[in-house]
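The values are calculated or read from the model by the stated rules, or taken from the named source; none is laboratory data. These figures come from a predicted structure and were not determined experimentally. With ideal geometry, Cβ positions are generated from the backbone for all residues, glycine too; neighbour counts draw on all protein chains shown. Please note that ligands, DNA and RNA were not included when accessible areas were found on the heavy atoms of the full protein model with its side chains. Shrake-Rupley method; radii C 1.70, N 1.55, O 1.52, S 1.80 Å.
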Amino acid sequence: MSNREKVVVAMSGGVDSSVAAALLVEQGYEVQGVSLRMWEGNAGPRVCSDHRGAKEIAAELGIPHTLIDLRAEFADAVVKPFAQNYLHGRTPNPCVACNRDFKFGVLLKWAKERRADYLATGHYARIARHGDSGRSSLLRGADRSKDQSYFLFALSQKQLARTLLPLGEMQKSEVRESARRFGLAAAERPESQDICFGDYKALVAAYAAENELSGGDVVDRSGKVLGRHGGIHGVTIGQRRGLGISAAEPLYVVDIDDASRRVVVGKKQDLSCAGLTARSVNWHDDPGAAEVEAEVQIRYRAPAVPCVIHHARTDSCEVRFREAFPAVTPGQAAVFYRGEAVLGGGWIEKAIK
């Protein structure tokens, strides 16, 4: 490795991306900091699309910094589809598309045009290179409590091949300590919050036609009307509170019918699912067979559970859990793991009861 290979680092001004940049400078790379201006609401908690403080961190490190304004493109490619998913009773995960299309899409293209060898980010995940095949494997971060491989499943082999993840082998505590060692102003900055949109319900309403915000019936599994909801965009699978109904025992949202605008509720055990179907599957490694034993993670903070993936050699598949698992949510990502490695992943189309 030449110690003057050029790396473009996605910088938000937070501690993770700041330390990623500092480590690469320390390792002898030629580093260029770049921030993407994608979404800006009211000043408040830090979010991953922030760029507050990034220019100052770059100056501390003695590296150039560029701010790229992508607000219009981000609204079209990420925000509008996010709103439409909610309006049709799905619970989307915009971070996956943001990573694939912007941080590792637009920014990687920008880096290549400037003859950079790599793009680097502050994600907690690892990449293993296989010189014999030329392929790359995406692995969980060493700090399992911070692991972000789930959000990176949609990256292509070409994207992985040009990506560095300097924090992949580190614990969060080590990252903080490194920031202090480097004397970075970001050392004590708080963690980034959830999605950068803030109040997602207000955002969805802003993108909706009037008829898309209409309410509907809340029914039990037999079809009995128990009450009315204010719009399926404000409801998600597994939700218990805020449904405007009263019952002798807790009831949870077990299904959302986009066509009828009906929200179906049931007992906690009614959330149990036998599996799911997934679409737009991106395989990192050849599954090797049409039926694959693996583990699947259906939400960021959910455990990966044993499963069998059917029709695994296509871009859609059926996943059967070894044991029933609750609250499969259409619109979320289903990411397949084999040990520490990401085998692939796709978007949950429907639950299998």
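Among what's in region 301-321 and is at pLDDT 95 or above and open to solvent by 60 Å² or more (accessible area, probe 1.4 Å), pick the residue that is nearest to Arg126 (Cα to Cα).
Within region 301-321, the match that is nearest to Arg126 (Cα to Cα) is Pro303.
Would you call Asp257 open to solvent by 60 Å² or more (accessible area, probe 1.4 Å) and under 12 Å from Val219 (Cα atoms)?
Yes; evaluated as a whole, the condition is true for this residue.
Sort through Tyr118, Tyr124 and tell me the only one that's closer than 25 Å to Glu26 by Cα, surrounded by fewer than 21 Cβ atoms within 10 Å (Cβ to Cβ) and hydroxyl-bearing (Ser, Thr, Tyr).
Every option except Tyr118 fails the conditions.
Looking at Arg162, Arg144, can you tell me which residue is charged (D, E, K, R), over 20 Å from Lys109 (Cβ atoms) and modelled with pLDDT of 95 or more?
Answer to the check: Arg144.
Okay, residues lined up against (1) modelled with pLDDT of 95 or more; (2) in a loop (DSSP other than H, G, I, E, B); (3) basic (Lys, Arg); (4) more than 19 Å from the chain's Cα centre (by Cα):
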{"site": "Gly33", "(1), (2), (3), (4)": "yes, no, no, yes"}
{"site": "Cys48", "(1), (2), (3), (4)": "no, yes, no, no"}
{"site": "Asp101", "(1), (2), (3), (4)": "yes, no, no, no"}
{"site": "Lys109", "(1), (2), (3), (4)": "yes, no, yes, yes"}
{"site": "Lys112", "(1), (2), (3), (4)": "yes, no, yes, yes"}
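Just a yes or no: is a residue in region 64-74 part of a loop (DSSP other than H, G, I, E, B), open to solvent by less than 60 Å² (accessible area, probe 1.4 Å), in contact with an Asp or Glu (Cβ under 8 Å, 6 or more places away or on another chain) and not acidic (Asp, Glu)?
Checking region 64-74: not a single residue is part of a loop (DSSP other than H, G, I, E, B), open to solvent by less than 60 Å² (accessible area, probe 1.4 Å), in contact with an Asp or Glu (Cβ under 8 Å, 6 or more places away or on another chain) and not acidic (Asp, Glu).
Suppose we keep only residues that are assigned to a loop (DSSP other than H, G, I, E, B) and modelled with pLDDT of 75 or more within region 35-46. Which one would you say is surrounded by the most Cβ atoms within 10 Å (Cβ to Cβ)?
Met38
Output the qualifying pairs, or none if there are none: Cβ atoms under 7 angstrom, residues six or more apart or on different chains, first residue in region 192-213 and open to solvent by less than 60 Å² (accessible area, probe 1.4 Å), second residue at pLDDT 90 or above and outside any helix (DSSP H, G or I).
Every condition considered, the pairs that remain are Ser192/Gly14; Leu213/Gly231.
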